[in-house]
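Some notes on the structure that comes next.
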Amino acid sequence: MSTKALEGRVFIITGGSKGFGLAIARDLVGQGARVGLVSRNQSGLDQAVNDLGGDAALGIAVNVASRTEITAAFAAFKSHFGRLDGLVNNAGMATPNTVENLVEEEVMMQVQTNFLGTVFCSQAAIPLLRGAENPCIVNISSASAYHYDEMCHLSIYAATKAAVERFTRDLRVELQPDGIGVTCIRPGGAWTSFADAWDGDAMDAGFTAWKDVGKYMDTGMEVDHVAEAVRYALLQPPGVAVDLLEIRPSTLTPKG
């Protein structure tokens, strides 16, 4: 008999093809769960599914800011796996810039992906989670929403993550009658490919300004640390939910 902690449970993970999302998927599959992965890039999803195993994972490319696409994809996940036990709203993006020079398209992409995506995915998941044995929604925020020591020039990213946290508080209250637990996880800096597509000059400007805000940086965690925090939240018994969990590096790292 299997003793895996999440044996048979099914979770949808947005932004699931890389970074935190893929690490979360690997951890949950390792605990016996099956996962539905969402991102914009089907080839990235296909690679993730291949790594996780086709029996344990299914990837569907959608725009999380499209309620129509998300609703259809979530219904397909539940039909494929036969159940749904939880949602991890992890999809997120950032484009650094000073407030004065913010580009409208980049502002809208961050608002749509980070905040509206969380709203629309939660809306699509709620009716599918009702009646599950121990359903849960986990929203991934960022230490940037609360602390000013990760990087400068991320005003819109930080603001959208702060909006996710406020939204999560209301969602928690609304879903209590349904027995759906709601958790917000606020990760600190970790080594990922999150910034790979950033404009080099804008990133350099953000880091230059950031060096003037104290001697040390808040980074150095691994993606697996965040995955373990998500697993901890999902392992709470029925009727109990982690409210807000912040996980951050605890050592002083000098800024280079």
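What is the residue count in segment 95-118 for residues that are under 15 Å from N63 (Cα atoms) and either surrounded by fewer than 17 Cβ atoms within 10 Å (Cβ to Cβ) or among the polar types (S, T, N, Q) (or both)?
7
Can you find a residue that is in a helix (DSSP H, G or I) and out of contact with any Phe, Trp or Tyr (no Cβ under 7 Å at 6 or more places or on another chain) anywhere in segment 90-100?
yes
Could you count how many residues in segment 129-185 are assigned to a helix (DSSP H, G or I) and surrounded by fewer than 16 Cβ atoms within 10 Å (Cβ to Cβ)? Give the derivation first.
Going residue by residue through segment 129-185, those that are assigned to a helix (DSSP H, G or I) are 129, 143-145, 155-178.
Keeping just the survivors that are surrounded by fewer than 16 Cβ atoms within 10 Å (Cβ to Cβ) gives 166, 169-170, 173-174, 176-178.
Residues meeting the conditions: 8.
Check whether at least one residue in segment 158-172 is at pLDDT 95 or above, among the acidic types (D, E) and either at negative phi or within 17 Å of the chain's Cα centre (by Cα) (or both), and report yes or no.
Within segment 158-172 (the criterion being at pLDDT 95 or above, among the acidic types (D, E) and either at negative phi or within 17 Å of the chain's Cα centre (by Cα) (or both)), the answer is yes, since at least one residue qualifies.
Pairs needed: first member in segment 227-244, within 19 Å of R130 (Cβ to Cβ); second member anywhere, in a helix (DSSP H, G or I); C-beta distance under 8 Å; at least 6 residues apart or different chains.
L234/L28; A241/R172; A241/A233
Of all residues in segment 62-109, how many are more than 10 Å from G36 (Cβ to Cβ), of a type in the set (G, A, S) and more than 16 Å from the chain's Cα centre (by Cα)?
The qualifying residues number 5.
May I ask you to list the residues in segment 29-54 that are surrounded by 23 or more Cβ atoms within 10 Å (Cβ to Cβ) and over 20 Å from I70 (Cβ atoms)?
The one that is surrounded by 23 or more Cβ atoms within 10 Å (Cβ to Cβ) and over 20 Å from I70 (Cβ atoms): A33.
What strands (runs of 3 or more DSSP E) completely inside segment 1-88 contain at least 2 residues that are without any contact (Cβ under 8 Å) to a residue 40 or more places away in the chain?
Answer list for segment 1-88: 34-39, 57-61.
The values are calculated or read from the model by the stated rules, or taken from the named source; none is laboratory data. Since this is a predicted model, take the numbers as computed values, not measurements. Glycine gets a Cβ as well: all are built from the backbone with ideal geometry, and neighbour counts include every protein chain shown.
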